[in-house]
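Undergrad: Starting off with a structure, shown below.
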């Protein structure tokens with residue numbers, strides 16, 4: 001059944017809507033009010049049109065019955081009484097209802113946009129949804145002012161208004177939890193950098209924020225949470241049950257997880273800690289005991305410790321075995337049996353030294369460290385003066401307690417910067 | 001020792017005082033909106049109402065307060081439940097075309113309102129002997145910097161504290177020692193005079209108290225606060241308290257002008273006239289308090305209106321709209337914001353500008369816009385898809401549709417009267 005007018009070409013949803021539908025016999029069937037599409041990869045395929053048959057009755061016109069969509073009317077080879085009511089099934093989505101005027105995430109540009117129109121490609125009598133129109137021209141098309149606006153822009157500014165289209169591949173609809181779930185398989189949101197994703201979450205309203213967050217996989221959720229504003233972190237976690245929350249928090253770095261748990265209401269934090277893996281929970285509890293703006297509150301305990309007698313080869317093997325789960329691997333700290341800090345090796349030292357060398361031969365014993373109670377200013381001074389990316393934290397007896405990564409300091413001091 | 005502490009804590013929890021604490025943590029949107037509502041236009045209208053018609057319009061504040069509570073409560077509820085702004089909801093529910101034209105009208109209406117705020121700044125500073133060619137550009141610059149510096153939130157708090165200056169009207173009201181018996185009788189006895197001027201003034205009071213932009217502003221500030229549905233009752237208290245406060249201030253302005261200016265048959269045209277005329281009757285401190293109140297109100301509203309306008313429109317069209325973005329990232333937002341301030345302040349400075357008729361027509365546009373906004377609101381709040389279990393109950397629907405019907409009639413009457421005259 002080839003289309004008579006345009007076998008191939010682009011079509012906007014706004015062009016189709018409100019068009020009247022007649023059959024070959026000239027019988028008036030109704031007016032198009034929506035389109036149904038099957039959400040398949042790579043592009044959704046239109047399976048039917050919803051017609052307004054009378055004031056309170058809608059019916060489904062299957063796409064295969066559509067002969068052509070012309071300027072004035074859409075022609076179908078079906079009789080009025082053969083039209084049946086529409087029932088939602090499978091992955092079918094009502095396009096106008098779910099997408100038009102709603103918000104989508106542009107995963108390429110990592111921004112939230114509002115849908116002004118949808119663009120289809122018509123090929124071999126199949127209608128694919130390929131673009132989402134988010135531009136001003138799309139808005140004007142909806143208002144019915146495309147031509148005057150084009151002319152005005154041309155006349156006043158010698159500027160040709162162009163359509164601003166996002167490929168469907170980069171559009172993640174947000175309007176309903178169903179649509180979010182539908183697209184998890186395609187993992188569009190996890191293509192966005194967590195820091196950008198965090199910005200998007202912050203821009204969304206509360207409801208959609210937690211819906212989007214819950215649609216993310218564990219790892220992405222954890223990474224995104226690390227980048228999110230503490231207040232929003234708390235509200236996102238508050239919407240989850242303790243088991244789900246602990247799964248995500250376990251994926252976060254130790255110091256981030258600690259900060260987050262410290263911000264949560266005591267009861268909630270307790271319940272989450274109970275659900276977490278014992279060893280992680282213990283580390284977190286230890287860190288939670290320190291105030292947030294002191295070295296103890298900023299440090300992580302997730303790093304590598306070596307003995308002076310360890311060889312470079314052994315050290316490298318340890319890094320390979322545990323590095324995946326450890327916050328800090330660029331520095332290794334060398335201690336005696338009583339945990340006194342003796343020196344530090346960098347990953348660079350380890351890579352350059354021969355495998356049999358023992359660490360006490362290559363370590364730097366001019367230790368730069370801070371005390372548990374040191375405040376953010378002191379720590380920042382140390383970072384600035386010595387140009388390191390992490391500083392070990394010791395107690396009054398010189399025993400190693402943890403290490404502060406530059407990133408963690410930055411989070412504490414960033415609030416003083418810029419604003 | 002420890003036991004006493006625990007029992008104290010228990011008492012504290014039982015006493016419900018902690019609820020009060022929670023209330024103060026969640027308030028803000030309702031009270032701020034209401035205070036912005038007593039802006040330059042509001043103060044002018046109330047002064048004129050008192051000076052021209054004495055105490056006879058005082059009773060209208062009771063139904064106005066009820067209407068204000070009914071409407072703002074719905075807005076706040078929509079904000080809390082849907083988590084979306086009003087223009088967002090209108091766009092998603094009613095489509096691009098309606099939203100587009102609605103936003104154009106809203107822009108014009110808000111433009112007019114901003115203009116009258118800057119006029120209020122000019123008028124109040126002239127009482128202090130400062131030329132408008134100095135005060136208006138300074139005020140415009142101050143307002144523009146708020147967003148560029150991103151210090152809007154902290155300034156909002158400063159304004160909220162400055163709202164205490166509304167008490168200046170209340171203090172003035174007590175200082176002139178009016179006879180409370182007569183005032184209270186007038187307040188509780190509805191009287192209607194079938195005089196065109198009187199009726200126009202009554203509609204004017206309604207129009208200035210219930211303005212379209214407020215609904216957009218209130219809803220988005222409620223959304224910004226991120227209040228959960230279970231804590232909604234505190235927001236409702238916030239809104240009711242705010243609406244009450246607006247009307248207390250309005251009451252005192254009308255009363256003050258009625259007791260002083262009306263009794264002495266003084267004719268005034270503006271709020272500035274009112275302030276100046278008060279000096280010989282109630283003492284010069286009264287003039288100063290009045291002028292200061294007007295300045296604070298105008299500046300507060302002038303800081304919020306352009307921002308609210310830019311937010312509302314950008315939200316409807318999905319344009320980037322955050323104070324934290326750079327100019328190039330959010331050109332529409334900054335463009336709208338700047339134009340509103342620039343024109344609002346600029347027009348005041350033009351020589352021979354027909355200020356009174358501009359303000360009058362801005363009231364007319366507000367009046368035409370209000371019915372549409374109210375009807376959209378009622379349709380939205382009764383939409384199960386958006387509001388779930390929080391849709392209006394039967395009684396609430398009767399009250400709200402009646403309120404809206406009366407307001408629509410009044411707005412249309414005002415627009416009609418304006419066009420006829």
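Undergrad: Counting only other chains, what is the mean number of Cβ atoms within 10 angstrom of the Cβ of each residue in peptide A:128-137?
TA: 1
Undergrad: Another question, then. Return the FRET efficiency for the residue pair residue B:97, residue A:410: r is the Cβ-Cβ distance, R0 is 56 Å, and the value is rounded to the nearest 0.05.
TA: About 0.70, to the nearest 0.05.
Undergrad: Between 0 and 90 degrees, rounded to the nearest ten: what's the tilt of helix A:194-203 against the longest Cα principal axis of chain A?
TA: Value to nearest ten degrees: 60.
Undergrad: Obtain the nm distance between the two label points defined at residue B:188 and residue A:54 by a simple spin-label model: each point lies 7 Å from its Cα along the Cα-to-C-beta direction.
TA: A separation of 5.8 nm, rounded to one decimal place.
Undergrad: Cα convex hull of the range B:230-377: how many Å³ per residue?
TA: 192
Undergrad: Right, something else. Quick one: grab the alpha carbon gyration tensor of the range B:119-208, order the square roots of its eigenvalues as a ≥ b ≥ c, and give me rounded if a/c is under 1.5, else prolate or oblate depending on whether a/b is larger than b/c.
TA: Prolate.
Undergrad: Using the C-alpha atoms of the range B:47-192, what convex hull volume per residue, in cubic angstrom, is computed?
TA: Per residue, the Cα convex hull of the range B:47-192 comes to 198 Å³.
Undergrad: Across the residues of B:126-138, average count of Cβ atoms on other protein chains within 10 Å?
TA: Per-residue shielding by partner chains comes out at 0.
Undergrad: Run the simple label-point estimate for residue A:309 and residue B:413 please: 7 Å along Cα→C-beta, distance reported in nm.
TA: Modelled inter-label distance: 9.9 nm.
Undergrad: Just need log10 I(q)/I(0) for the range A:78-220 at q = 0.11, 0.15, 0.18, 0.22 Å⁻¹, Debye formula, equal scatterers on the alpha-carbon atoms, no solvent, rounded to two decimals.
TA: -0.52, -0.86, -1.08, -1.35
Undergrad: Given the DSSP H assignment, sum -39500 (n - 2.57) over each helix run of at least 4 residues in the protein assembly as shown and divide by its residue total; what's the result at 222 nm in deg cm²/dmol, nearest 500?
TA: -18500 deg cm²/dmol
Undergrad: Report Rg(Cα)/(2.2 N^0.38 Å) for chain A, keeping two decimals.
TA: Here the Cα radius of gyration is 1.38 times the empirical estimate.
Undergrad: Then there's this: Using the number of other C-beta atoms within 10 angstrom as an exposure proxy, rank B:315, A:337 with the fewest first.
TA: Least to most surrounded, the residues fall as A:337, B:315.
Undergrad: Stokes-Einstein diffusion coefficient for the range B:370-410 at 25 °C in a medium of 0.890 mPa s, Rh from the Kirkwood formula over Cα pairs: what value in µm²/s?
TA: 234
Undergrad: Moving on to the next point. Take the Cα pairs of the protein assembly as shown, get the Kirkwood Rh, then feed it into Stokes-Einstein at 37 °C and 0.692 mPa s and tell me D in µm²/s.
TA: 105
Undergrad: Residue A:286 to residue A:22: extension gain in nm, 0.36 nm per residue of separation minus the Cα-Cα distance?
TA: 87.7 nm
Undergrad: Mind checking the angle between helix A:242-251 and chain A's longest principal axis? C-alpha axes, 0 to 90 degrees, to the nearest 10.
TA: Long axis of A:242-251 versus the principal axis of chain A: about 70 degrees.
Undergrad: Fewest first, what order do B:213, A:168, B:401 take by the number of other Cβ atoms within 10 Å?
TA: The most exposed by this proxy come first: B:401, A:168, B:213.
Undergrad: Could you put B:257, A:74, B:409 in order, starting from the residue whose Cβ has the fewest other Cβ atoms within 10 Å?
TA: The fewest-first ordering by Cβ neighbours comes to B:409, A:74, B:257.
Undergrad: Also, I was wondering about something else. At 0.36 nm per residue, and after removing the present C-alpha to C-alpha distance, how many nm does the segment from residue A:267 to residue A:385 gain when stretched out fully?
TA: 38.4 nm
Undergrad: For chain B, just list the percent of Cα-Cα distances falling in each 20 Å bin from zero outward, please.
TA: Pairs per bin, as whole percents: 26, 58, 15, 1.
Undergrad: Under the definition of partner shielding as Cβ atoms of other protein chains within 10 Å of a residue Cβ, what is the mean value for peptide A:97-104?
TA: Mean number of neighbouring Cβ atoms from other chains: 3.
Undergrad: With only alpha-carbon atoms counted, please give the Rg and Dmax of the range B:182-280, in Å.
TA: Rg and Dmax of the range B:182-280, Cα atoms, are 18.0, 53 Å.
Undergrad: Per 5 Å bin, what percent of the C-alpha pairs of the range A:97-173 does each bin hold, from zero upward?
TA: Cα pair-distance distribution for the range A:97-173, in percent: 3, 16, 22, 20, 16, 14, 7, 1, 0.
Undergrad: Can you give the angle from 0 to 90° between the axis of helix A:218-227 and the longest principal axis of chain A, with both taken from C-alpha atoms, to the nearest 10?
TA: Computed tilt is about 70 degrees.
Undergrad: How long are the semi-axes of the equivalent ellipsoid of the range A:298-416, defined as square roots of 5 times the Cα gyration tensor eigenvalues? Whole Å, largest first.
TA: Semi-axis lengths for the range A:298-416 are 25, 15, 13 Å.
Undergrad: Also, I was wondering about something else. What is the extension gain from residue B:149 to residue B:327, computed as 0.36 nm multiplied by their sequence separation minus the C-alpha to C-alpha distance, in nm to one decimal?
TA: Taking residue B:149 through residue B:327 to full extension adds about 62.9 nm, to one decimal.
Undergrad: Return the Cα extents of the range A:63-113 along principal axes one, two and three, sorted largest first, each rounded to a whole Å.
TA: Each principal axis gives a Cα extent; for the range A:63-113 these are 46, 30, 16 Å.
Undergrad: Moving on to the next point. Kindly identify the range A:8-94 as rounded, prolate or oblate by the Cα gyration tensor criterion: order the square roots of the eigenvalues as a ≥ b ≥ c, call it rounded if a/c is under 1.5, otherwise compare a/b with b/c, prolate if a/b is larger, else oblate.
TA: It is oblate, given that a/c is not under 1.5 and a/b is not larger than b/c.
Undergrad: Now for a different question. Classify the range A:192-334 as rounded, prolate or oblate, taking a ≥ b ≥ c as the square roots of the eigenvalues of its Cα gyration tensor: rounded when a/c is under 1.5, otherwise prolate if a/b is larger than b/c and oblate if not.
TA: Cα axes put the range A:192-334 in the prolate bin.
Since every read-out is calculated from the coordinates, none of them should be taken as a lab result. What you are looking at is a predicted structure, and each value in this text was computed from that prediction instead of being measured. Don't worry about glycine lacking a Cβ; one is built from the backbone with ideal geometry, like all the others, and counts go over all protein chains shown.
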